[in-house]
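Chemist: Sharing a structure here in structure tokens format.
The values are calculated or read from the model by the stated rules, or taken from the named source; none is laboratory data. Everything quoted here is computed from the prediction, not taken from an experiment. Cβ placement follows ideal geometry from the backbone for every residue including glycine, while neighbour counts extend to all protein chains displayed. Surface accessibility is based on the protein's heavy atoms, side chains included, excluding ligands, DNA and RNA. Shrake-Rupley method; radii C 1.70, N 1.55, O 1.52, S 1.80 Å.
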Amino acid sequence: MLTRTWLTLKQHRFETIAVVVLCLIAAAASLGEAYRLNSIQLPAGCAIGQRYMFGPDVSAPSTACQLAADRFYAVSNGTGMGLVRVLLGLLPFIVGILFGAPLVAKEIEQGTAPLSWALVGSRRRWLFGKMLAAALLIVPLLLVAGLAADVLQGASSPGLDPHASFENFGSRGVMVVFWGLAALFGTVALGTWLGRTLPAVILALVVCFLARGFWDVGLNRTVLPPLAVMQSETPHDTQNGQNGQMMYGQYAWSPSDLNVYYRTYLDGKPWDGDWNTWWNEHQPVQPTVKIDPTSGLPVGVAVDNGPGPINQIQGPYSVPFVIHGDRYWPIVALESGILLLGSLLCGAVALVWVDRRRPY
Amino acid sequence: MGADVGDSNGAAALAAHGLSKRFRKKVALDAVDLTIPVGSVTALVGPNGAGKTTLIRVCMAFERPNAGNVEVDGVDPWKHRGEALRRVGYVPQKPAVYGGLSVEDHLAMARSLHPGFDRDYARRRLEQLAIPLDQRADTLSGGQAAQLGLAVALGTRAKVLLLDEPLANLDPLARREFIQVLLDAVRSEGSTALLSSHIVTDVEDACDRLVILGGGKIRLDCPLEEAQRTHRLTDADAPPAGATAVGSFLGRGGQKIMTLWRLAPEGAADGAAEGPAGGAAAEAASLEDVVLGYLAAGRGNAGLQLN
């Protein structure tokens, strides 16, 4: 098995080198950016509250605090950080597609599949060995990059434990590994089916783009809602109750929470009516001003018998349902499990297909 | 092992029964019946598109037959692929080597894929040909790459060797070397080889049996010596005594239309058919003439010319 793993990596020398270089660059860049942020030594709580618009107001920050915060955000909003974030987001897909597409397709394109398939009794075992070799390479590399991204996340959000926060959840930590595996096995299946590397790469890019794009939406509508809890009202909301118009803003957003869905409430009960209709029915009374035709001046105000002044109405309001950061690991396990299941399914499809297809 | 796995001690190294393969509307193999005896070196000859490669690919379980079946050393490769492939050494049409791997890596890979692969045997074969084991495969010449493919096939110590036009891209010297290595191995191991080619002269000295495939059908299947003994060539329509016409084709130099005749068994046996009934001279047919005659018959024209 060791020989086959080594020979598979040697056979895919370009892909191996590219994957190693990419992952190491991503890890080094993440650690570099984290170091830049950490070296600013932003005092805990300094400006973070104001910037994020939650938590206790930081009133009258000191000049030192303000300067440190400015430097901190200059780094965290800078081009370098942007590039690192993009790289971390794309890394598992690049790595998976780069190694997955040619794994079988290149053999078919270059005419080497008949050589191997004539030697091996079971093509499934042959492909399994190759997929295992690819997985053995990319798993530790992506894990290194993912953990480096965790370090970067910790530095980006001082005071927040990256393993108790859903900020940039999908593009760091072990999730990177599982996304990479899903991309790898999915692309192997496509490459086995198509037998051509470039079409497999293009199709895999489209599939990965769609899968990643719809991932959160899909989970938020299927498996996550039962795990979400109603966001508790914040005692720190500055708008709440000032004019009593709407309850927006009553529920504070926390960067460590995972927003799953919103539910509309009215009078403390779930409500699924139409907002526009409700507001039309309860719109504020407009004062009617009478104008004296001779002088052209207002002479009085008539108030009709509407539903009452708006400032006495509590309208419908949305309540966020969230998963708190302290449930980070269960959610990681859940999403990783789904990705792993998808990966195994794709791998199984590839194994079935390689047994059926022609080697040319 | 399943019930369909046959007895490997049978007399046929390879047997096809009513084997048919279609690619959409194109018929590649049309109810082919074929028996390759154990220990023979058989030339599978035919023009491009005759079905040679398809026949070998069916034997390798790369293609599924539409009808009929094939048995390699008594095993149906489509039903028992692993069992069948253990008995077969295969050299594909194009020298298929992994560019990034060294020669030695190829042997290591073969060893890891095929449990019975004899790495030392294959290594010795390559060393005899002075092919450096540490050389990268993409820097090998065409002849060396073909020899590597052959060494990998021979290293399996398979009972049956299937070689799909391995000589097509080789220069004459490399062809001769390849044939020599193949014959040495087959003779020393007592294995069976099926060598497909559309270059008749290449297989003439190497093979002891001839199978001509044209249009997906077997046109001739007999020992090589018999193929030459039972055929005559004339440039006239008058047949040798007791002979039947096979096909006509353009002779060497393009000057004359030649006709290939098949002698009746008794005529072939007593050497009676030295001249046609009409008096024109009948020549002994070369292997190439025999092949050309049958392929012309298959095409139904006289313009066929093989190399």
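Chemist: Say each of B:K256 and A:F128 gets a label point 7 Å from the Cα, pointing the same way as Cα to Cβ; how far apart are those two points in nm?
Modeler: 6.6
Chemist: Taking 0.36 nm per intervening residue step and subtracting the Cα-Cα distance, what contour gain separates A:F214 from A:Y261 on full extension? Could you put the intermediate results ahead of the total?
Modeler: On the way: separation 47, 0.36 × 47 = 16.92 nm, distance 1.48 nm.
Extending this stretch completely gives an extra 15.4 nm.
Chemist: While we're on this one: First select every other residue whose beta carbon is under 12 angstrom from the beta carbon of B:G251; then total the charges, Lys and Arg +1, Asp and Glu -1. Mind showing how you got there, number by number?
Modeler: Numbers: positive: B:R252, B:K256; negative: B:D235, B:E283, B:E288, B:D289.
Charge balance near B:G251 sits at -2.
Chemist: What spacing in nm lies between the two simple spin-label points modelled at A:V223 and B:D208, each 7 Å away from Cα in the Cβ direction?
Modeler: Inter-label distance under the simple model: 6.5 nm.
Chemist: Now a separate question. What pairs in A:K10/B:K26; B:K52/B:K79; B:K26/B:K94; B:K25/B:K256; A:K106/B:K21 have C-alpha atoms more than 29 Å from each other? Working shown, then result.
Modeler: Details: A:K10/B:K26 40 Å; B:K52/B:K79 21 Å; B:K26/B:K94 23 Å; B:K25/B:K256 36 Å; A:K106/B:K21 27 Å.
Correct reply: A:K10/B:K26; B:K25/B:K256.
Chemist: Here's another thing I want to ask about it. Can you give me the distance in nm between label points at A:V21 and B:E189, each placed 7 Å from the Cα along the Cα-to-Cβ direction?
Modeler: If labels sit at A:V21 and B:E189, their model points lie 4.2 nm apart.
Chemist: In square angstrom and rounded to 100, what buried accessible area do you get between chains A and B, total over both, with the probe at 1.4 Å?
Modeler: Numbers: alone 19250 and 13570 Å², together 30440 Å².
Buried area between the two chains comes out at roughly 2400 Å².
Chemist: Averaged over its residues, how many other protein chain Cβ atoms are within 10 Å of peptide B:96-105's Cβ atoms?
Modeler: 5
Chemist: In degrees from 0 to 90, rounded to the nearest 10, what is the angle of the helix B:142-155 Cα long axis to the longest principal axis of chain B?
Modeler: Here the helix axis deviates by roughly 70 degrees.
Chemist: For peptide A:124-131, compute the average count of partner chain beta-carbon atoms within 10 Å of each residue's beta-carbon.
Modeler: Working: counts 0, 2, 2, 0, 0, 2, 0, 0.
Per residue, the average neighbour count from other chains is 1.
Chemist: Amide H neighbours of B:E63 under 5 Å, counting only residues 5+ apart in sequence or on other chains, H built in-plane at 1.01 Å?
Modeler: B:V58
Chemist: Amide H of A:V319 versus every other amide H placed in the peptide plane: which residues, excluding those fewer than 5 positions away on the same chain, fall under 5 Å?
Modeler: Excluding prolines and chain starts, which carry no amide H, the hits are A:R263, A:T264, A:Y265.
Chemist: Here's another thing I want to ask about it. What is the local net charge at A:N168, summed over the other residues whose Cβ is closer than 10 Å to its Cβ (Lys, Arg +1; Asp, Glu -1)? Please report the intermediate quantities before stating the final value.
Modeler: Details: positive: A:R85, A:R172; negative: A:D150, A:E167.
Net charge around A:N168: 0.
Chemist: Now a separate question. In nm, what is the difference between 0.36 nm times the number of residues separating A:E109 and A:S39 and their Cα-Cα distance?
Modeler: Numbers: separation 70, 0.36 × 70 = 25.20 nm, distance 5.09 nm.
Answer, rounded to one decimal: 20.1 nm.
Chemist: Considering only the other residues whose Cβ falls under 10 Å of the Cβ of B:S40, what net charge follows from Lys and Arg at +1 and Asp and Glu at -1?
Modeler: Working: positive: B:R209; negative: B:D208.
Local net charge: 0.
Chemist: Could you work out the mean count of beta carbons from other protein chains within 10 Å of each residue's beta carbon in A:105-118? Walk me through the numbers on the way to the answer.
Modeler: Working: counts 0, 1, 2, 0, 0, 5, 6, 8, 3, 11, 15, 6, 8, 18.
Across A:105-118, the average partner-chain Cβ count within 10 Å equals 6.
Chemist: Which value, in Å², gives the accessible area per residue of chain B when a 1.4 Å probe is used on the protein heavy atoms?
Modeler: Working: 12390 Å² over 307 residues.
That works out to 40 Å² per residue.
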